1. Just wondering, is there one or more residues in the stretch 229-243 that are part of a strand (DSSP E or B) and modelled with pLDDT under 85?
2. For residue 280, are the conditions met, namely being among the basic types (Lys, Arg), more than 26 Å from the chain's Cα centre (by Cα) and at negative phi?
3. Among the helices (runs of 4 or more DSSP H) confined wholly to the stretch 341-419, which include 3 or more residues that are surrounded by fewer than 19 Cβ atoms within 10 Å (Cβ to Cβ)?
4. Go through the stretch 287-297 and give me each residue that's assigned to a loop (DSSP other than H, G, I, E, B) and surrounded by 15 or more Cβ atoms within 10 Å (Cβ to Cβ).
5. Kindly indicate whether any position in the stretch 160-183 is under 24 Å from the mean Cα position of the chain (by Cα), of a type in the set (A, V, I, L, M, F, W, C) and at pLDDT 75 or above.
6. Is the stretch 213-222 home to any residue that is on the phi < 0 side of the Ramachandran plot, touching a strand residue (DSSP E or B) at 6+ places or on another chain (Cβ under 9 Å), among the hydrophobic types (A, V, I, L, M, F, W, C) and not in a helix (DSSP H, G or I)?
7. Under the condition of being within 20 Å of residue 298 (Cβ to Cβ) and not in a strand (DSSP E or B), which residue from the stretch 272-286 is modelled with the lowest pLDDT?
Amino acid sequence: MTNLFGHGVRSELLALCLGEAGAIFLCVLALLVGAGPFAAAEGLGPAMLLAAATACVALLVAGAVGLYQPGTLAGLRATLLAGLAGTTILLLLAVLALQFTEGDGISTVQRHALIAAMLGTALAILLTRLGFALLRPPLRRVVLVGAKAKPGGYQPFEVTLALPVGEALTQALVSGRMRAWRIWAVVAQGSAPLPPAMRARCAAAGLQVFTDAEFSEEGLKRLELESLPAGWLDGAKAGRTTPLEAAARRGFDIAVAGALLLLTLPLLLLTMLAIKLDSRGPVFYRQERIGLNNRPFMLFKFRSMVTDAEAGGVARWAIRGDPRVTRIGRFLRLTRIDEIPQAINVLRGDMSVVGPRPERPTFVAQLGEIIPHYHDRAIVKPGITGWAQVNYPYGASVEEARMKLSYDLYYVRRRSLLLDLLILLATVRVVLFQEGAR
């Protein structure tokens, strides 16, 4: 793992990202310099700027469609398919760009430069992914150690063995099986850590050693709720926000929310019309939610359910195929268009762009009694999107709420601008592929 501003990034993913950036820059630069006015000495500067800009845009697009997800590195086939998908998307964007630039508004040289940039990007991604797939092991492998070691819930890591503490682990180390199986880490399950002598022996063999809680945070990017001490929030980054950082975050929220409303205005108007034509009732839906420091506020959304969805006033979780959802509402939920009016809450200061999902008072009271540390998520404003939203589907049970909380509290502990940007990129993937919508 490579630590970037408090958030651990898998080293091979970072290497792939940097390698692709360099390959895209060099391929695009070579194609640009090899043709037209860019071939002259004075054309090298503009060519380098265009190649660097192309690399940045390509990486943003690749990240937004999920090409740097751990699952894309699960083997040769997955890696190459991800590369093929990325090149296809970028080439389609190039075709669209060329269609919009036909005519007198763009010169032939500029059009050739655009073609060279996109072809260079596609070639670089395919070559980088092929090389990466051939040179690296398929998955990071871990060995679980403990009296009741259970292999479930460790994706995207591969659990190779589950061993009891003692001679079995010692024998695996001495016999060289760990090295032969290319084991990356040993995870000590349960409350008791590995003895110091065993940890030293594992470290000498080049193995990472984690407790369950450490591996959950470093490897799976979530917190073990039962392992958190009472005063853990004192060390959380979200609890140490400076006035300057708070002002910067507020400015960021206003800029993003304002841009979201402005850019989607035509879509919002069409959505309002569709809702009115599809079913009786108001266009917008206002509902009380719990925000910063457990203070209630009124949330704005497009109405996606029938007006009497909760007859009797009893709060209910949404389920897959929920019969209360209208025809147009099902489309709004799948595409997350119903969430866009929450930008109004961001402008009002009730919410942030990034943060835990705002929950209803009934559910907060219920879950707060059952799940440890549930109310700790209220140390930050709720968000339109968040770390839990992009890593776990919609929660419709206590156990699913517990899992989402483990991601929310990871965000509370590790919050940074980099993590916020990664969440925004991942949100594009979630919306495009309709992950977790109900």
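The values are calculated or read from the model by the stated rules, or taken from the named source; none is laboratory data. These numbers come from a predicted model, not from an experiment. Note that we place each Cβ from the backbone using ideal geometry, even for glycine, and neighbour counts take in every protein chain shown.
1. no
2. yes
3. 342-348, 361-370, 398-414
4. Selection gives 291 alone.
5. no
6. No, every residue in the stretch 213-222 fails to be on the phi < 0 side of the Ramachandran plot, touching a strand residue (DSSP E or B) at 6+ places or on another chain (Cβ under 9 Å), among the hydrophobic types (A, V, I, L, M, F, W, C) and not in a helix (DSSP H, G or I).
7. Here the residue is 281.
The rows are residues; the columns are (1) out of contact with any helix residue (DSSP H, G or I) (no Cβ under 7 Å at 6 or more places or on another chain); (2) of a type outside the set (Phe, Trp, Tyr); (3) farther than 16 Å from residue 379 by Cα.
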| residue | (1), (2), (3) |
| --- | --- |
| 207 | no, yes, yes |
| 214 | yes, yes, yes |
| 219 | yes, yes, yes |
| 224 | no, yes, yes |
| 244 | yes, yes, yes |
| 247 | yes, yes, yes |
| 263 | yes, yes, yes |
| 285 | yes, no, yes |
